[in-house]
Amino acid sequence: MESLVIKRGRVVDPANGLDHELDLLIQDGKIARIGKVDVGGKKVFDARGLIVAPGLIDMHVHFREPGRSDKESIETGMRSAVAGGFTSVAPMANSQLTADNEAVIHFIRARAKEVGLCNVYPIGAVTKGLGGETLAELGIMAEAGAVAFSDDGMPIMNTQLMRRALEYTKMLHRPLIVHEEDKNLTQGAVMNEGTKSLQLGLRGMPAVAEEIMVGRDIALARYTGGRVHFAHLSGLESIELVRRAKREGVAVTAEATPHHLALTDAEMARYDARTKMNPPLRTETDVAALWQGLNDGTIDAVATDHAPHTLDEKQDELSVSPFGVVGLETAVGAVFTYGVHPKKISLSRAIAAMTVNPARILAINKGALSEGSDADVTLIDPERRWTVDSSTFATRGRACAFEGLELMGKAVMTVVAGRIVYQER
Amino acid sequence: MATRILGSSKGTKPSLPGLLGIAPLSRQDIVQIVEDARKLKGRSLEGIRSDAPLKGRRIMTLFFESSSRTKLSFTIAGRTLGADVLDFPTSTSSMSKGESLKDTVLTVEALGIDAVILRHPASGSPVYLSKIIAPPVVNAGDGSNEHPTQALLDLLAIRERLGRIEQLTIAMVGDVLHSRVARSNIYAHQKLGNRILLVGPPTLVPDSLRGSYPVEIHHDLDRVLPEADVVVMLRIQQERMKEQFFPSLREYHHFFALDERRTKLLKKSALIMHPGPMNRDVEITGHAADSEQAAITQQVAAGVYTRMAVLNLVLAERGKSRH
């Protein structure tokens, strides 16, 4: 394979504590050298003005294959990922053919390998068919390549089953990723329950529905010694519980989405399903708490919860439209626009939340630009202004919370295993 | 450490005031019982029968859980020693008419018996029984608590095959949490100072066991097998799967069955044991169960002699029969 030199970019690699103008030499799919590189005949990319980061990792996406490729296939999902600067993604198990058995895990990996654009680490379901009642063959799925287990989309309402899952997965050394929502409190809801839902006349789901389950699962994690990762945290109280649990030494980690970090339930005034997701957008106080959480380490990772649905589905009326918005191609823009530029988070922390931290949680050997590591690299133009038009996106999903907004910051080149898989024109 | 129970009574021979479990026994008690059993095994059956040390004694088996081998084993043991062994038919008994366990056993006692052999699904039932009736109670398995004669016969089988019952590494694999066989064995090996390795999924072999017993907990069977002198495979029950202790029999088998590949990981001298009944192709396959290293049928044979030894100790020097 051809060598590649990425020259004079600002290399930001929190895993190695780097933030410096440095060259990167990529050879045979690996990072051969970081430092001053003699160009001598090699292919060069001038990265002046750009941030050179380890390939970004999104540990929470939904590809709809097998089953609903019309919403998103593994291929279009991967295209969307690399267009957004992501070199590794972990797709959730709630595809139509549920990833609750080894055959689907094998299929996802095989299909991803065929497409070859980025790394795909499948997440296996905790329960069969996501029914929440019987354990799926977790160990066999782990051996087939599942990096974590989750019923995401659904909470695990059965406490006894959650207990067993937490105990059982201890021997598999993989996290149990949980979607925290007490379904008894959220029936029929389309947004956050609060002042806005009252004013708009819409049924809301209260943040306490998330808080209750977070509390329950922290207690169970403490009791069993099992490991929980909280998906898409959205509420201030949930974050406070996780903060305390971490102080105590309970084995918990957490993630937040760019849309929860950027937007509030005020968006719902349009009565437009393009801002309908679960958990819903909440209040300014919650947004502030999420940034606080990212800054003090309570929240480890930024993960998009990229949840594509068809145009028709998301243009349906609010009460009927499914929950979910896309996120892979706006993540970098949102994190920079709402976080890095207004100085709500340092560049280093932001990059860590999308590289070394998710890599650590999933125990994958990615997320760093060490000499000898896989040449997964993301180049970001922090100053690039662009307007979000999801009809131009690689994803088949047609609902984007940032539709029409101007963002500042974009991934302009994505390298996977030393190969340029995406490049901005 | 339990104080020695096998003390000399008025006579010159030691005796047991019933056998509720291994936990109350001392190391010497255990060694003694295994030795007695071994001596009995060395004698001819005609010799034992003509001695008839328990002639005139009436023993009642009171089994509230189905069992073929244990009940038969006790019955054969008692009859070989000359005792009259009767079975109280619990399935068709007055208990199905609503009689309490307490009244049932008081009735049984009043009919005139010298000893009761009890198997019951409730842990602690032999203790309960021994507070109500005077004759000694021998525990044939109480709930998830203990199955003392199983642990003792296992030791006899080990003694016969390996020549010793100490300085051993014992691995027990499977549903330790619910297994009375595992617990009695843990007590026995603990008292003998053996190294105890427990293997299974964390739901059935929880870390909390370490808080109560000097055991090592493992979830990787392949790693443990080369170190074991004895591997005891425990039966896995379908009900546990329904209770979500593990996802499927197939997955359980994949990670914890003693199959052909895993049998090859054992030391040549290692013993394969199973308290029975076996679920072939679940926790064990024929490659292991029918191999040279298996001591499973030996365990069954050892059971009769072990139970003879126990019944002797419980009844032989107790003086005249009660009826």
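General observations
- For A:Gly132, the stated conditions do not hold, so it cannot be described as crowded, with 24+ Cβ neighbours inside 10 Å and closer than 21 Å to A:Asp305 by Cα.
- Pairs linking a residue in the range A:308-325 that is among the acidic types (Asp, Glu) to a residue that is part of a loop (DSSP other than H, G, I, E, B), with Cβ atoms under 7 Å and 6 or more positions apart or on different chains, are A:Glu313/A:Ser321; A:Glu313/A:Pro322.
- Only residues that are acidic (Asp, Glu), in contact (Cβ under 8 Å) with a residue 12 or more places away in the chain and assigned to a helix (DSSP H, G or I) were counted across the range B:41-75, and they come to 1.
- For the range A:155-163, the criterion of being under 23 Å from the mean Cα position of the chain (by Cα) and either at the interface with another protein chain (Cβ under 9 Å from one of its Cβ atoms) or basic (Lys, Arg) (or both) is met by none of the residues.
- The range A:270-287, subset among the β-branched types (Val, Ile, Thr) and closer than 15 Å to A:Phe402 by Cβ, residue surrounded by the most Cβ atoms within 10 Å (Cβ to Cβ): A:Thr275
- When restricted to residues that are surrounded by 22 or more Cβ atoms within 10 Å (Cβ to Cβ), over 19 Å from the mean Cα position of the chain (by Cα) and outside any loop (DSSP other than H, G, I, E, B), the range A:173-194 contains 2.
- Within the set B:Gly143, B:Gly98, the sole residue that is free of Cβ contacts under 8 Å to residues at least 40 places away in the same chain, surrounded by fewer than 19 Cβ atoms within 10 Å (Cβ to Cβ) and in contact with a Ser or Thr (Cβ under 9 Å, 6 or more places away or on another chain) turns out to be B:Gly143.
- Residue match in the range A:78-87 (condition: within 22 Å of A:Glu2 (Cβ to Cβ) and without any contact (Cβ under 8 Å) to a residue 24 or more places away in the chain): no
- Only a single item in (1) open to solvent by 20 Å² or more (accessible area, probe 1.4 Å); (2) away from chain B (no Cβ under 14 Å); (3) in contact (Cβ under 8 Å) with a residue 12 or more places away in the chain is not met by A:Ser197, and it is number (1).
- Checking B:Ser291 against (1) within 14 Å of chain A (Cβ to nearest Cβ); (2) in contact with a strand residue (DSSP E or B) (Cβ under 8 Å, 6 or more places away or on another chain), the condition it does not meet: (1)
- Applying the criterion of being of a type in the set (A, V, I, L, M, F, W, C), over 12 Å from A:Leu176 (Cβ atoms) and touching a Leu at 6+ places or on another chain (Cβ under 9 Å) to the residues of the range A:104-135, the residue that is farthest from the other protein chains (Cβ to nearest Cβ) is A:Phe107.
- Flag if A:Arg203 is farther than 26 Å from A:Ala136 by Cα, in contact (Cβ under 8 Å) with a residue 12 or more places away in the chain and more than 21 Å from the chain's Cα centre (by Cα): yes
- Some residue of the range B:233-254 being more than 22 Å from B:Ser73 (Cα to Cα), away from every other protein chain (no Cβ under 14 Å) and at pLDDT 95 or above: no
- Boolean, A:Glu237 is over 20 Å from A:Met277 (Cβ atoms), among the charged types (D, E, K, R) and touching a helix residue (DSSP H, G or I) at 6+ places or on another chain (Cβ under 8 Å): no
- Count - residues of the range A:338-387 that are in a strand (DSSP E or B), in contact with a helix residue (DSSP H, G or I) (Cβ under 9 Å, 6 or more places away or on another chain) and hydrophobic (A, V, I, L, M, F, W, C): 2
- Any hit, the range B:299-322, residues being closer than 23 Å to B:His218 by Cα, out of contact with any Ser or Thr (no Cβ under 8 Å at 6 or more places or on another chain), among the basic types (Lys, Arg) and more than 14 Å from every other protein chain (Cβ to nearest Cβ): no
- For the range B:76-105, a tally of residues being of a type outside the set (Val, Ile, Thr) and part of a helix (DSSP H, G or I) returns 11.
- Test: residue in the range A:204-216 that is more than 14 Å from chain B (Cβ to nearest Cβ), over 21 Å from A:Arg243 (Cα atoms) and outside any helix (DSSP H, G or I): yes
Table: residues versus (1) of a type outside the set (Asp, Glu); (2) in a loop (DSSP other than H, G, I, E, B).
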{"residue": "A:Leu97", "(1), (2)": "yes, yes"}
{"residue": "A:Ile105", "(1), (2)": "yes, no"}
{"residue": "A:Glu133", "(1), (2)": "no, yes"}
{"residue": "A:Ile140", "(1), (2)": "yes, no"}
{"residue": "A:Ala146", "(1), (2)": "yes, yes"}
{"residue": "A:Pro155", "(1), (2)": "yes, yes"}
{"residue": "A:Arg163", "(1), (2)": "yes, no"}
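- Filter pass, A:Val377 being within 21 Å of A:His20 (Cα to Cα), at pLDDT 95 or above and either open to solvent by 10 Å² or more (accessible area, probe 1.4 Å) or more than 18 Å from the chain's Cα centre (by Cα) (or both): no
- Just one of the listed residues (A:Gly40, A:Gly35, A:Gly49) is closer than 19 Å to A:Gly85 by Cβ, exposed (fewer than 15 other Cβ atoms within 10 Å of the Cβ) and out of contact with any helix residue (DSSP H, G or I) (no Cβ under 7 Å at 6 or more places or on another chain), namely A:Gly49.
Results for (1) touching a Gly at 6+ places or on another chain (Cβ under 8 Å); (2) basic (Lys, Arg), shown as yes or no for each residue.
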site: A:Leu318; (1), (2): no, no
site: A:Pro322; (1), (2): no, no
site: A:Val335; (1), (2): yes, no
site: A:Lys344; (1), (2): no, yes
site: A:Leu347; (1), (2): no, no
site: A:Ile351; (1), (2): no, no
site: A:Ala359; (1), (2): yes, no
site: A:Ala363; (1), (2): no, no
site: A:Lys366; (1), (2): yes, yes
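The values are calculated or read from the model by the stated rules, or taken from the named source; none is laboratory data. Given the structure is predicted, the values throughout are model-derived calculations rather than measurements. Every residue, glycine as well, gets a Cβ built from its backbone with ideal geometry; the counts of neighbours run over all protein chains shown. With ligands, DNA and RNA removed, areas are computed over all heavy atoms of the protein, side chains included. Shrake-Rupley method; radii C 1.70, N 1.55, O 1.52, S 1.80 Å.
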